[in-house]
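Structure first, then comments.
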Amino acid sequence: MLKSSLFILVLSVSVHAQLSEPRIFGEGVISTRDYESSITFTPDGKVAYFVKSTPDLSFRVILMSRLEKGKWTTPEVASFSGEYSDSDPCFSPDGTKLYFASRRPVEGTAPKADNDIWVVEKTSSGWGAPRHLSMNTASQETSPAVTADGTLYFSSNRPGGKGAADIYRAKLVNGDYTAAENVGEPINAPGPEVQVFVTPEDDMLILAALGRPDGQGSLDLYLSRRVDGAWSKVINLGNKINSQGVDSAPRISADRHTFYWTSTRGYGFEEQQAKRLSYKELSGKLQGAGNSLGDIYQIDMSALPH
Amino acid sequence: MRLTPLIICFLCACLWPNDPPYASKQPLTEPAIFASGVISTADFDSHPAFTPDGKTLYFLRSSPTFNFWTIVESHFENNHWSTPEVLPISGQYRDADPFITRDGKRFYFISDRPKDAASASGTGRSLDIWFMERSGNGWAPPQNVGEPVNSAGNEWYPTIAQDGTIYFGSDRPGGKGRTDIYRSRLVDGKYTEPENLGDAINSQFEEFEPYISPDQKYLIFMAQRPDGRGGSDLFISYQRDGSWTKATNLGDKINSSGSEYSPLVSPDGKYFFWSSTRTAASTSQTKRLTYDDLLNRLRNPGNGLGDIYQIDLSALNIQPQ
């Protein structure tokens with residue numbers, strides 16, 4: 001008896017222990033052998049939405065899991081997803097709206113060739129019908145993130161940007177977004193900026209970008225802070241966060257203690273194995289989280305470079 | 001037509017006891033996933049090579065991003081393919097592209113394993129062609145094929161014609177661009193200086209993974225270039241009067257919007273094997289997926305990671321002169 005209460009004590013201490021190294025989030029339930037990405041939480045942290053995709057990312061589904069008695073439940077397909085390719089879910093800071101990117105049709109039944117940004121709002125009986133936002137174009141709009149005053153940040157490869165894809169911002173006017181402006185330098189550069197997260201206070205911006213001189217691999221994550229009203233120089237989040245794989249879909253928890261992101265690091269990037277793998281060991285590496293299909297990672301915000 | 005037990009018996013009887021395990025009861029005029037669930041699985045399976053009797057299959061089981069490759073083997077026993085095992089020499093370094101000679105006496109493959117003690121601790125080793133001699137039921141230790149076939153660059157996908165000429169891909173300097181296909185003739189037991197197969201086959205883009213027919217009348221190869229259907233595609237060229245015809249795409253049955261790899265004609269000459277990352281997936285669903293529907297799609301062959309496919313060789317309509 002004494003032993004088991006000691007054990008529980010140790011466990012509860014470890015939950016609050018510092019996470020100074022990346023850890024796979026929800027291993028076996030949320031992060032699995034499949035391609036998971038883009039987690040977002042309700043403000044109380046008890047409901048998570050995230051994405052599970054085909055390995056080639058041609059079809060994506062938004063899933064939901066609840067934290068019950070300290071465990072994440074087996075995911076369910078979100079009530080508005082599972083028919084067309086949906087991705088990049090992101091809660092509004094008050095948790096009443098969920099923004100996402102989708103190839104669902106605005107009219108008719110054929111999927112669109114490009115992604116647009118949609119929003120669902122909480123009603124007394126679950127999520128309402130998805131609503132298409134007005135600042136969408138025939139180009140890609142992805143990776144929505146919203147500040148407390150409703151300003152929407154997103155990525156788009158629309159014509160007129162500084163490179164392949166840029167970060168844009170649109171103000172909330174009468175419940176919709178019409179005009180969007182390019183966030184400009186130093187956030188945008190000649191290479192593509194494809195994912196963005198902004199804090200509710202609009203004072204910190206994290207983006208996923210490709211092809212910058214200080215990149216570690218494919219997509220890397222970068223941070224900028226608002227200083228005297230302007231975005232500061234963009235800094236690479238370093239080799240704890242960034243890997244040889246894709247590092248993307250940044251999120252900061254509501255209490256600003258934890259950083260979440262998606263990474264394809266894992267089995268396959270190493271030059272060689274430390275020792276010869278048996279078939280069972282090989283299958284174990286291929287058929288669990290960390291197999292270099294996307295997983296969701298977490299780390300303390302304090303581990304990010306300042 | 002419903003198959004009565006009698007007809008099923010009749011169909012079985014059509015399979016002669018000496019037919020290789022990969023022989024199909026019915027004509028295979030459309031691509032079929034090979035040995036679904038054992039060989040072709042939810043993992044990345046590709047690059048098959050059979051022993052001459054067809055009863056042992058070597059193939060690759062790779063990381064989902066196709067960065068790390070391991071050669072595994074399966075044996076046809078008691079009428080089914082056994083759960084694979086890692087080839088005894090594989091599982092630590094990147095090993096790929098198995099090829100068994102038609103007499104079954106040699107096993108060729110590529111690897112970035114260290115060539116000597118000096119390169120064992122280094123990083124960034126290039127891929128070379130290696131071979132093993134048959135030794136009892138197994139294979140003798142690997143030997144590096146050496147220069148001039150191997151270079152300081154990378155070599156891929158050795159296949160060997162009846163007269164010993166070795167065909168392979170390489171990114172050595174002096175090609176038409178990126179990677180090209182080369183051949184080296186065997187003269188007095190030694191490989192001669194490799195010859196670039198030229199503009200009918202190679203381009204400024206990627207060409208590697210050649211399959212040479214035993215009589216060298218045709219070459220099927222993998223290329224990633226703008227005249228493809230997406231990813232890498234398989235192309236064919238004929239050797240006529242000592243020169244190669246302009247390569248043509250093998251078409252929509254063989255190639256897809258995914259990537260195709262590893263062309264191979266079965267030891268009995270009746271079937272064409274290759275690998276593909278094609279999916280059954282579409283960009284929308286006829287009905288909303290449940291979580292179980294989704295897992296079922298993601299954790300079976302056809303999930304977009306590589307699988308091994310088989311078709312009647314006659315479906316390729318190969319017409320050497």
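Here are some notes:
- DSSP bridge orientation in the stretch B:59-195 - percent antiparallel, rounded to nearest 5: 100
- Extension gain, A:S20 back to A:K122 (0.36 nm per residue minus Cα-Cα distance, nm): 33.2 nm
- Separation of alpha-carbon centers, the stretch B:162-211 and the stretch A:178-218, rounded to whole Å: 44
- Candidates A:F259, A:F269, A:F197, ranked by Gaussian network fluctuation over chain A, Cα under 10 Å, top entry: A:F269
- Couplings 3J(HN,Hα) for the stretch B:209-226, derived from phi with the Karplus relation 6.51 cos²θ - 1.76 cosθ + 1.60 (θ = phi - 60°), are 6, x, 10, 9, 5, x, 8, 6, 7, 9, 10, 10, 9, 9, 9, 10, 8, x Hz, where x marks Gly and Pro.
- Translational diffusion of chain A, µm² s⁻¹ [Kirkwood Rh, Cα pairs; Stokes-Einstein; 10 °C; 1.306 mPa s]: 79
- Here the contact order of the stretch A:74-196, divided by its residue count and restricted to Cα pairs under 8 Å and six or more residues apart, works out to 19 percent.
- Debye-formula intensities of chain B, expressed as log10 I(q)/I(0) at q = 0.10, 0.11, 0.12 Å⁻¹, are -0.58, -0.71, -0.84 (one equal scatterer per alpha-carbon, no solvent).
- Pairwise Cα inverse-distance average, inverted: Kirkwood Rh of the stretch B:184-237 (Å): 12.5
- Size descriptor for the stretch A:154-260, Kirkwood hydrodynamic radius: 14.3 Å (Cα pairs only, one decimal).
- Taking B:D19, B:D116, A:D214, A:D295 and counting other C-beta atoms within 10 Å, the order from fewest to most: B:D116, A:D214, B:D19, A:D295
- Average other protein chain Cβ within 10 Å of Cβ, residues A:261-272: 4
- Two-site FRET efficiency, B:R185 against B:Q92, from Cβ-Cβ distance with R₀ of 35 Å, rounded to 0.05: 0.55
- Using a cut-off of 21 Å between Cα atoms, the listed pairs A:K162/A:K233; A:K52/A:K162; B:K217/B:K246 include A:K52/A:K162 as exceeding that distance.
- Mean per-residue shielding of peptide A:160-167 is 0, counting Cβ atoms of other chains within 10 Å of each Cβ.
- Rule-of-thumb Rg ratio for the stretch B:134-216 [Cα; 2.2 N^0.38 Å; N residues]: 1.14
- Spin-label proximity, A:T151 to the stretch A:210-254 - amide N less than 13 Å from point 7 Å beyond Cα toward beta carbon: A:225-232
- In sequence order, calculated HN-Hα J values of the stretch A:274-282 (Karplus, 6.51, -1.76, 1.60; Hz; x Gly/Pro): 4, 9, 4, 8, 7, 4, 5, 5, 4
- Length-normalised contact order of chain B in % [C-alpha pairs under 8 Å, at least 6 apart]: 16
- Distance cut-off 49 Å, percentage of C-alpha pairs in the protein assembly as shown lying past it: 21
- Share of pairwise Cα-Cα distances greater than 14 Å in the stretch B:280-321 is 64 percent (whole percent).
- Coupling constants for the stretch A:76-88 follow from the phi torsions by the Karplus curve (6.51 cos²θ - 1.76 cosθ + 1.60, θ = phi - 60°), and in residue order they are 10, 5, 4, 4, 9, 10, x, 10, 10, 6, 10, 8, 6 Hz; glycine and proline get x.
- When chain A is treated as a GNM with alpha-carbon contacts under 10 Å, the residue of A:Y35, A:Y260, A:Y279 showing the greatest mean-square fluctuation is A:Y279.
- Its convex hull of Cα atoms gives the stretch A:56-124 a direction-averaged projected area, equal to a quarter of the hull surface, of 6.3 nm².
- Stokes-Einstein, applied to the Kirkwood radius of the stretch A:13-154 over Cα pairs at a viscosity of 1.002 mPa s and 20 °C, places its translational diffusion at 133 µm² s⁻¹.
Any read-out appearing in this document is the output of simple, stated calculations on the displayed coordinates, not a laboratory observation. If you're wondering where the values come from, they're calculated on a predicted model, not measured in any experiment. When we count neighbours, we look across all protein chains shown, and the Cβ atoms used for this are built from the backbone with ideal geometry, even at glycine.
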